[in-house]
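Single-structure report; data block below.
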Amino acid sequence: MAGALGFLGAASRMRAAGAEGWRPTRPLTFVVPFAGGSATDAVARILAQLMGEAFGGVPVVVDNRAGANGVIGAQLVARAEPDGHTLLVTTNTTHSANPALLRRLDYDPVADFAPVARIGDVPFMLTVGRTSPFHTARELLDAARRRRGRMSYASGNSTGIVAGATMARRAGTEMLHVPYRSTPPAMTDVIAGRVDCMFVDIAAGLGNVRGGQLRVLALSTEAPSPLLPGVPPLAEAGDLHGFDLISWSGVFAPARTPAPVVAALNATIRGSIERPEARARFAEIGYGVLSGTPEDLGRFVLQQLNVWRELVEAAGIEKE
């Protein structure tokens, strides 16, 4: 509890400090704990361009450090110099789900980071490959019940893990989980038919959907997506009442980053992503922009740690 209170207290001081007086003195590095082609990578690259422009042309490098469910990248930033030049652009995988999924976690999502800004949310799609015999979620789940334990779902991140396990459990069946280091290779095997299905975020999977390589059966959220008109939520399509999963993204600095530095970064991120033209760019990849203060993100992380622990427990997933 003391760590949580310190996390929120630091965020409050950062907000009060204001954005005056700090600018980067060398290139910024956005560490993305997932591979190129992932949703987080796409979001980070848009944000990097916006931030570079806002800071007067300062280069912003996107450094993909995929592996271990985001742990490698998170550890790198947790141990980085707390001067504002190295930031983690991440999701609920590292800062909500991993504590519930992993027996050993070599970083603390609260104590080792200073919250900077929430960026937004992205829904997931239940997809199959283009040669799959399944055209609806109901067909897929009926087959999974008949072939209990013999059908598979891929995952490239924690949302994919939890969504697949939750779907199978609530459908009253078992499915084989096939984990991947990141989303792109998981999609490759689903497209090839080596794995039956996967939940993939719209930002990463929309290109393959539009290109015909992936077929969307349902959305992970109860709300529809304007990018996928006519695609039903899984709660309806698969008769799984209340199924509603979404992934969130945020920016974090190493713990002990000075308050004025975090305040300046927060102000710059918010000013960048809240512009109408920036919102439009994010919307093109299915990403809904949200923002707020460092304190807002700090509170949100604490709340989401409980939410994802409950989701993992309800899905019957054992820690690895």
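The values are calculated or read from the model by the stated rules, or taken from the named source; none is laboratory data. Note that this is a predicted model, so its numbers are computed, not measured. Ideal geometry is used to build each Cβ from the backbone, glycine not excepted, and the neighbour counts take in all protein chains shown. What goes into the accessible areas is simple: the full protein's heavy atoms, side chains included, and nothing from ligands, DNA or RNA. Shrake-Rupley method; radii C 1.70, N 1.55, O 1.52, S 1.80 Å.
Taking the criterion of being open to solvent by 10 Å² or more (accessible area, probe 1.4 Å) and either of a type in the set (D, E, K, R) or farther than 17 Å from ALA44 by Cβ (or both), the residues of the range 264-292 that qualify are ALA267, ARG270, GLY271, GLU274, ARG275, PRO276, GLU277, ARG279, ALA280, ARG281, GLU284.
Would you call PRO226 modelled with pLDDT under 95, exposed (fewer than 15 other Cβ atoms within 10 Å of the Cβ) and in contact with a helix residue (DSSP H, G or I) (Cβ under 9 Å, 6 or more places away or on another chain)? It is true that PRO226 is modelled with pLDDT under 95, exposed (fewer than 15 other Cβ atoms within 10 Å of the Cβ) and in contact with a helix residue (DSSP H, G or I) (Cβ under 9 Å, 6 or more places away or on another chain). Output yes when any residue across the range 213-235 is touching a residue at least 40 places away in the same chain (Cβ under 8 Å), β-branched (Val, Ile, Thr) and within 30 Å of ALA54 (Cβ to Cβ), and no when none is. No, because not a single residue in the range 213-235 is touching a residue at least 40 places away in the same chain (Cβ under 8 Å), β-branched (Val, Ile, Thr) and within 30 Å of ALA54 (Cβ to Cβ). Flag not set for LEU50, criterion: touching a residue at least 40 places away in the same chain (Cβ under 8 Å), surrounded by fewer than 19 Cβ atoms within 10 Å (Cβ to Cβ), assigned to a helix (DSSP H, G or I) and of a type outside the set (Phe, Trp, Tyr).
Residue under question is ASP83, and the condition is that it be acidic (Asp, Glu), under 26 Å from GLU313 (Cβ atoms), surrounded by fewer than 19 Cβ atoms within 10 Å (Cβ to Cβ) and in contact (Cβ under 8 Å) with a residue 60 or more places away in the chain; does it hold?
It is false that ASP83 is acidic (Asp, Glu), under 26 Å from GLU313 (Cβ atoms), surrounded by fewer than 19 Cβ atoms within 10 Å (Cβ to Cβ) and in contact (Cβ under 8 Å) with a residue 60 or more places away in the chain.
Among the residues of the range 296-315, those that are among the acidic types (Asp, Glu) and surrounded by fewer than 17 Cβ atoms within 10 Å (Cβ to Cβ) comprise GLU310, GLU313. The residue list ASP106, ASP112 contains one member that is open to solvent by 10 Å² or more (accessible area, probe 1.4 Å), on the phi < 0 side of the Ramachandran plot and at pLDDT 95 or above, which is ASP112. Looking only at the range 121-148, residues that are crowded, with 19+ Cβ neighbours inside 10 Å and either assigned to a strand (DSSP E or B) or touching a helix residue (DSSP H, G or I) at 6+ places or on another chain (Cβ under 6 Å) (or both) come to 10 in all. Considering the conditions (1) part of a helix (DSSP H, G or I); (2) open to solvent by less than 30 Å² (accessible area, probe 1.4 Å); (3) touching an Asp or Glu at 6+ places or on another chain (Cβ under 9 Å), THR93 is excluded by exactly one of them, (3). Of the residues making up the range 134-178, those that are in contact (Cβ under 8 Å) with a residue 60 or more places away in the chain and touching a Lys or Arg at 6+ places or on another chain (Cβ under 9 Å) number 4. If the condition is being open to solvent by 60 Å² or more (accessible area, probe 1.4 Å) and in contact with an Asp or Glu (Cβ under 9 Å, 6 or more places away or on another chain), then the range 229-257 contributes GLU236, ASP244, ILE246.
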